[in-house]
Structure formats: structure tokens, C-alpha cells
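Input: a single structure, listed below in C-alpha cells.
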Amino acid sequence: VAARASRLGEIAESRTQPSREFHDRLPDASAPSAFVTVVAGLPRSGTSMIMQMLDAGGIEILTDRKRKADEDNPKGYYEHEKATQLRKKRDWVASAVNKGVKIVAQLLPYLPDDVPARVVFIERDLDEVLASQKTMLARMKKDGGRFSDAQIRAAYVRQLEMVKEQLEGSANAWVLYVRHRDVIGDPAQVAAAINGFLGGRLDVT
């Protein structure tokens, strides 16, 4: 994912900060009560952590457990292979209503328009994301590639802007942005915010 993102960075603007600010898009009383709970973010941004919270809170999780827990994610990745193939195949999404599924941020534009979704979007400082990715690659004894941190960062910034613009204009997706540092620093407050966003169905404690 990082390699593909950095290729886009070569043709994107060289900025490393977002050009605009995006805000939560919260559901109102008219929003559907049945929906897919999507946890999204960049790789190494804390998506597995949020999935652990939802799992503990009582939401059924859609995961095939094919990717086993390891030193980088000791409590598991909570991934599902179907979610990684969202670009090509989307008919499975309807079966995830009332469940939670993890989807990498770049694939959010491929969510089907006819299935309501509430997206818990976790954001993490990009320097921390890149550092975490490097640590994971080093443990896997893999080369990070020929692209610089600045190129990857610029690509991520542009991709995130595009994804957030799509979410902002969606008629059937709502989004709650949470910050990685807030989850670590005040998990109770973040859990309460997520619970409210999802309609009060969680065991917050």
C-alpha cells in the first residue's frame, strides 16, 4: 500500500499538510438504524485497536482471522480478505450490516452507495505512521522501497483528502473522526463518542 501511495505522490503536489479541514458527518434521526460499522484509516494508524474496542464493546466483527497476531499486532489484525478486494467485489458488504469491518482508508470510495455505513475513521500523526511502518518492515526483513518519507507522506495527505471529500459528499455514509493520541490518552471519552455515533449499542466500559 505504501509503495502504491508513494507512486501517486510523485504526481501529486509536494505539500505534506492537508489544504482543508474535514469534520465529523454525524447521523440524524432520519439516518437508517441498520448499517455497516466500518473502521478505517491508513495502515499502522490504529485501526486494529479500534476493532478491538468494538469487539470488546459487543459488536459482531467480520474477520476471517487469516492474518495471525504477531509482534506488530499482538491482539490480532481483525482483517477480512473480502475487505481488501472491495475495489473489485462489493456484493458482500450488505451481509456486514450490524457488524464491524476494517477497511483501509484508500478503499472507502468503493463502498456501495446502497448500503448505509457509519465510518469510525482513526487519524494518526503521519510521522508516527511512517515510523510504525518502518518498524514493521524491519521485523519482516523487508525493504521499504525507493521512495522517501516525504514522497509517501505527500501521497498519503492527498489520498486522505480525496477519501474525506468522497465521504463528505456521500448520501449513505456517516463519519466520526477520532485521533490515535486521544484513544491512548482518554479511551473512555473516545469510547463514549463512538458509542453515541453507533446509536448507543456498545458496552462502553
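The values are calculated or read from the model by the stated rules, or taken from the named source; none is laboratory data. Every value quoted in this text rests on a predicted model; they were computed, and no experiment measured them. Cβ: placed from backbone, ideal geometry, glycine included. Neighbour counts: every protein chain shown. The protein model used for the area step is the full one, side chains on, heavy atoms only, and it has no ligands, DNA or RNA in it. Shrake-Rupley method; radii C 1.70, N 1.55, O 1.52, S 1.80 Å.
Students often get this wrong, so check it: of LYS89/LYS134; LYS68/LYS102; LYS68/LYS164; LYS99/LYS134; LYS82/LYS164, which have C-alpha atoms separated by over 27 Å?
Where the Cα-Cα span goes over 27 Å, the pairs concerned are LYS89/LYS134; LYS68/LYS164; LYS99/LYS134.
Give me Rg/Rg_expected for segment 11-129, where Rg uses Cα atoms only and Rg_expected = 2.2 N^0.38 Å with N residues.
1.11
Taking square-rooted eigenvalues a ≥ b ≥ c of the alpha carbon gyration tensor, is segment 154-204 rounded, prolate or oblate, where a/c under 1.5 means rounded and, failing that, a/b exceeding b/c means prolate?
oblate
Which percent, nearest 5, of DSSP beta bridges in the chain are antiparallel?
Among the beta bridges of the chain, antiparallel pairing accounts for roughly 5 percent.
Please list, by residue number, every one of the trypsin sites (Lys or Arg not before Pro) in segment 112-190 that is coil in DSSP and has at most 14 other beta-carbon atoms within 10 Å.
For trypsin sites (Lys or Arg not before Pro) across segment 112-190 that sit outside H, G, I, E and B with at most 14 neighbouring Cβ atoms in 10 Å, the list reads LYS141, LYS142, ARG146.
What is the spin-label model distance, in nm, from GLN166 to ASP127 if the labels are put 7 Å beyond Cα along the C-beta direction?
Output for this residue pair reads 3.0 nm.
Ignoring ligands, DNA and RNA, please state the percent of accessible area on segment 89-198 from carbon and sulfur, probe 1.4 Å.
Of all accessible area on segment 89-198, carbon and sulfur atoms account for 50 percent.
Taking the Cβ of ALA34 as the center, what net charge do the other residues with Cβ under 14 Å away carry, scoring Lys and Arg +1 and Asp and Glu -1?
+1
Provide Rg and Dmax in Å for the chain, with only Cα atoms included in the calculation.
16.5, 50
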